[in-house]
Amino acid sequence: MVSHVREQMRGLLLRGQRKVHWRDESHDRRLKLVDAIADLPVEGFVVVRVAGEADRPERRRRKCLEVLFRELAVLECGELVLESRGPADDRRDREMLEHLRRRRCLAAPLRLFHEPGPSDPMLWIPDVLCGAVGHSRTGAVEYLERLTSRVTVHLIRADGQGEK
C-alpha cells in the first residue's frame with residue numbers, strides 16, 4: 001500500500017518540481033492535491049497550537065509534537081518520519097521525544113526519523129494536510145472540506161486545553 005501511495009504522490013509532481021509544497025502551489029493545484037489525497041488510503045492527524053504571538057514557533061512545535069507523539073504511541077505506531085528541517089532542528093525534535101520517554105509519557109515505543117522532503121513522497125501528504133488546515137483557520141475551508149474523511153484536527157490552546 002505504501003508503495004502505491006508513493007507512486008500516486010510522485011505522479012502529482014510538475015515538471016521541474018523536486019517535491020510537492022503547498023506554499024508554492026496555485027489554488028487550482030491545491031484543489032487537485034487535496035482531491036488526490038482524499039482518494040488515497042491514508043489518514044492524517046494534524047495538531048494545531050492556538051496561542052498568542054508571544055508563543056515562539058519552537059515552543060508551538062514542541063507542544064504540537066508532544067500531542068502527536070502521545071497520540072501515535074496510543075495508536076501503537078512504531079515509527080514516525082518527519083521532514084528534516086536541518087541538524088539542529090531535527091535534534092530538538094529527538095530531544096522532545098526523549099524528554100517524553102524520560103517522563104514515561106508514551107504508552108508505547110516510538111522511533112523518530114528525519115528525511116529530506118524530496119526523498120519521500122509520503123512527506124508531501126502532511127504538508128498538504130497542514131496547508132489545508134491552515135487555510136481553513138483563516139476562512140478558506142474548501143480545501144479541508146474535501147479532506148474531512150481523511151484528517152483529524154486536534155487543537156491545543158495556550159491554556160493547555162485541547163479539543164478534536
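The values are calculated or read from the model by the stated rules, or taken from the named source; none is laboratory data. Keep in mind the model is a prediction, meaning the values are calculated, not measured. Cβ coordinates were reconstructed from backbone atoms using ideal geometry, including for glycine residues, and neighbour counts include every protein chain displayed. Surface accessibility is based on the protein's heavy atoms, side chains included, excluding ligands, DNA and RNA. Shrake-Rupley method; radii C 1.70, N 1.55, O 1.52, S 1.80 Å.
Classify the range 64-122 as rounded, prolate or oblate, taking a ≥ b ≥ c as the square roots of the eigenvalues of its Cα gyration tensor: rounded when a/c is under 1.5, otherwise prolate if a/b is larger than b/c and oblate if not. Judged from the Cα gyration tensor, the range 64-122 comes out oblate (a/c at least 1.5, b/c at or above a/b). Amide hydrogen proximity for His114: with H placed 1.01 Å from N in the peptide plane, the residues at 5 or more positions away or on another chain lying under 5 Å are Leu82.
Computed FRET efficiency, Cβ-Cβ of Val141 and Glu79, R0 35 Å: what is it to the nearest 0.05?
Numbers: r = 32 Å, r/R0 = 0.92.
Calculated transfer efficiency: 0.60.
Find which of Val133, Val50, Leu12 sits farthest along the positive direction of the dipole of the chain, computed with +1 on the beta-carbon of Lys and Arg, -1 on that of Asp and Glu, about the Cα centre. About the Cα centre, the residue reaching furthest to the positive side is Val50. Computing mean projected area of the Cα convex hull in nm² for the structure here picks out one of (i) 8.7; (ii) 10.8; (iii) 10.2, namely (iii).
Given the Cα-Cα distance of Glu95 and Met122 and 0.36 nm per residue of separation, how much length would full extension add, in nm?
Numbers: separation 27, 0.36 × 27 = 9.72 nm, distance 2.37 nm.
Result: 7.3 nm gained on full extension.
Going by the alpha-carbon gyration tensor, a ≥ b ≥ c the square roots of its eigenvalues, is the range 6-78 rounded (a/c under 1.5) or, if a/c is not under 1.5, prolate (a/b greater than b/c) versus oblate? Judged from the Cα gyration tensor, the range 6-78 comes out oblate (a/c at least 1.5, b/c at or above a/b).
Leaving ligands, DNA and RNA out of it, report the carbon-plus-sulfur percent of the accessible area of the range 1-129 at a 1.4 Å probe. Display every interim value, and only then the final one.
On the way: 3830 of 7680 Å².
Of all accessible area on the range 1-129, carbon and sulfur atoms account for 50 percent.
In this structure the range 17-97 gives 57 Å² per residue of accessible area when probed at 1.4 Å with all protein chains present. One decimal place: the segment Phe113-Val50 gains 20.1 nm when fully extended, by the rule 0.36 nm per residue minus the C-alpha distance. Think of each Lys and Arg Cβ as +1 and each Asp and Glu Cβ as -1; about the Cα centre, that makes the dipole of the range 24-164 roughly 720 debye.
Using the Cα gyration tensor of the range 77-155, with a ≥ b ≥ c the square roots of its eigenvalues, what is the shape: rounded (a/c below 1.5), prolate (a/b larger than b/c) or oblate (neither)? Walk me through the numbers before you get to the answer.
On the way: a/c = 2.19, a/b = 1.61, b/c = 1.36.
In terms of gyration-tensor shape, prolate.
May I ask you to derive the FRET efficiency for Arg59 and Arg23 from their Cβ-Cβ distance with R0 = 22 Å, giving the value to the nearest 0.05?
Approximately 0.50, to the nearest 0.05.
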